[in-house]
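**Student:** Structure incoming, see below.
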Amino acid sequence: MPDLPSPDEVAVAKPTAGVSRSAFRRVLAGSTAGAVLEWYDFALYGILAATVLGPLFFPGGNAVAQLLLALATQGLGFVARPIGGIVFGHLGDRLGRKPMLVVTFLLLGLSTSAIGLLPTYAQAGIGATISLVVLRLVQGFALGGEFGAAVLMVSEYGSPRRRGFWSAWPQAGAPLGTVLATGVVGLLTMALSSGQFAQWGWRIGFLLAVPLLVIGFWIRRRIDESPVFQQARSRADSAAAQRSRSSILETLAHPGPVLRGLGVRLGENVAFYVYTVFVVAYATTSFGYTKSDVLLAVTVGSLLQFAGMLAGGHWSDVVGRRIAMLVPAAGLAVWAPLFFLMVQSDSLPLLYVGVGVGAALHGLLAGPEAAWIAELFPTERRFAGASLVFQGSSIIAGAPAPLIAVWLVKNHGTTAVVLYLVATIVVTLVALLFSAETKGADFGAERAY
């Protein structure tokens, strides 16, 4: 078994040549903190959409219809993410990574806190519903550029020898954000009565974005621009660069890396949302689990997912990206039917095992993914390419996953959801098999696709 990075290595966070350790530590902290906030925002909305937001913002007495409408609003955020990826991907390749980190972080934090101040449908009618939709779109638009910038800053700053491990840190913002969101909601549901939580307690979770925003903004303002981006810009003639096509168009003109990235992200995205969002509604409405029990299981699973991402990122530095992703992807396909059997058992310990193992396997798959996607593209088009992959997959996989799973359970039973999950993971496996190894790609060199 490969040796993990030593405590000294983790403490000093060795950067790429020519970059000080203090500068790299700021980049690592700022990128990871932003990723935690962005996924806290998204996870919080997903949890509350599956529990309280439907009746508060959507009229009608049909509980299933309200749930689907609330989850559809969750999906609208995903629709805006590719648009944000296109806009900020182009700007990030032209103006730099750091400005995108700051602007998208502000947009995300402010829109999240604003949701906590919205009136409900009973108080403001359809205006409340429209406002929720608009803020959700702003969230998605900001996230479309934020995540790519965070991953690329760490990828381009970090040592190529440890790129998989360091790049996994902003990727691991997803489970950390989920832990924070489920922890906050769990504490609120325990401290408040169901009536208090539905009336005003849910707002607290969104308003907690304000202190997170202040801390993250302070860290990110102190980050220096990516040295790899600066070198690439200095190599290019500025006048010629201004006349060149958008990096988005250049990337789409060479679609191979984008298609392979989307294929890998398909099964990974669906697995993530099944194990962290869909399971909350599924286990609480179809079986005898309490909301707090399921949220705690998701929280424990997210911690295992976090550990899996870091371990997977490190493992990919040893054996290569493809092997490090193929093994857990195959494990997810095998685990899918076992997961649903455990949930259906009405046994809380088995629920923990089902969610925990599934989340850990997902982490092992997603951990190497950040470095792998960054390594697919040359520096001049890396932000555009990474954004198209990260956010394009959100609309074809992440956005519809909870809705498809709810619909399949209601109309065709659990077996249909298992088949859906396994089928998407098979696409991931095929995409990996047709991908070349990227470990150790030289970010400083000029290269073609």
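**Student:** Looking for something at positive phi, modelled with pLDDT under 95, outside any helix (DSSP H, G or I) and open to solvent by 20 Å² or more (accessible area, probe 1.4 Å) - is there at least one such residue anywhere in the stretch 423-436?
**Tutor:** Checked against the condition, which is being at positive phi, modelled with pLDDT under 95, outside any helix (DSSP H, G or I) and open to solvent by 20 Å² or more (accessible area, probe 1.4 Å), the stretch 423-436 yields no hits at all.
**Student:** A follow-up question, please. Can you run down the residue pairs with Cβ atoms below 6 Å, 6 or more apart or on separate chains, where the first is in the stretch 207-235 and farther than 18 Å from residue 159 by Cβ and part of a helix (DSSP H, G or I) and the partner is of a type in the set (D, E, K, R) and open to solvent by less than 80 Å² (accessible area, probe 1.4 Å)?
**Tutor:** So the pair list comes out as 232/380.
**Student:** Could you pull out every one of the helices (runs of 4 or more DSSP H) wholly within the stretch 95-206 that has 3 or more residues that are open to solvent by less than 10 Å² (accessible area, probe 1.4 Å)?
**Tutor:** Answer list for the stretch 95-206: 97-115, 126-157, 163-171, 173-191.
**Student:** Related question: Looking only at the stretch 8-22, count every residue that is of a type in the set (A, V, I, L, M, F, W, C), over 25 Å from the mean Cα position of the chain (by Cα) and either modelled with pLDDT of 70 or more or closer than 11 Å to residue 157 by Cα (or both) and tell me the total.
**Tutor:** 2
**Student:** Separate question: In this structure, is residue 281 over 24 Å from residue 166 (Cβ atoms), modelled with pLDDT under 85, open to solvent by less than 10 Å² (accessible area, probe 1.4 Å) and in a helix (DSSP H, G or I)?
**Tutor:** So residue 281 passes the test.
**Student:** Of the residues 332, 351, 365, 303, which single one is open to solvent by 10 Å² or more (accessible area, probe 1.4 Å), part of a helix (DSSP H, G or I) and touching a residue at least 12 places away in the same chain (Cβ under 8 Å)? Reasoning before the result, please.
**Tutor:** Numbers: 332 fails: open to solvent by 10 Å² or more (accessible area, probe 1.4 Å); 351 fails: open to solvent by 10 Å² or more (accessible area, probe 1.4 Å); 365 fails: open to solvent by 10 Å² or more (accessible area, probe 1.4 Å).
None of the other options fit; the residue is 303.
**Student:** Here is a further query. Among the numbered criteria (1) open to solvent by less than 60 Å² (accessible area, probe 1.4 Å); (2) part of a helix (DSSP H, G or I), which one does residue 289 miss?
**Tutor:** Here residue 289 clears every test but (2).
**Student:** Please work out if residue 386 is in a helix (DSSP H, G or I) and in contact (Cβ under 8 Å) with a residue 24 or more places away in the chain.
**Tutor:** yes
**Student:** Sticking with this structure for a sec: For residue 435, state whether it is under 25 Å from residue 144 (Cα atoms) and either basic (Lys, Arg) or touching a Pro at 6+ places or on another chain (Cβ under 8 Å) (or both).
**Tutor:** So residue 435 does not fit the description; no.
**Student:** Name the single residue that is nearest to residue 230 (Cα to Cα) among those in the stretch 85-94 being over 20 Å from the mean Cα position of the chain (by Cα) and open to solvent by less than 60 Å² (accessible area, probe 1.4 Å). Show your work before the answer.
**Tutor:** Pass one, the stretch 85-94, residues over 20 Å from the mean Cα position of the chain (by Cα): 90-91, 93-94.
Retained after the next criterion (residues that are open to solvent by less than 60 Å² (accessible area, probe 1.4 Å)): 90-91, 93.
Working: 90: 16, 91: 14, 93: 11 Å.
Residue satisfying both the conditions and the ranking: 93.
**Student:** Still on this structure, please answer the following. Name the single residue, out of those in the stretch 335-348 being closer than 16 Å to residue 268 by Cβ and in contact with a Gly (Cβ under 6 Å, 6 or more places away or on another chain), that is least open to solvent (accessible area, probe 1.4 Å).
**Tutor:** That would be 339.
The values are calculated or read from the model by the stated rules, or taken from the named source; none is laboratory data. All values reported here derive from a predicted model rather than from experimental measurement. Cβ atoms come from the backbone with ideal geometry, glycine included; neighbour counts cover every protein chain shown. Areas reflect the complete protein model, heavy atoms only, side chains present, ligands, DNA and RNA absent. Shrake-Rupley method; radii C 1.70, N 1.55, O 1.52, S 1.80 Å.
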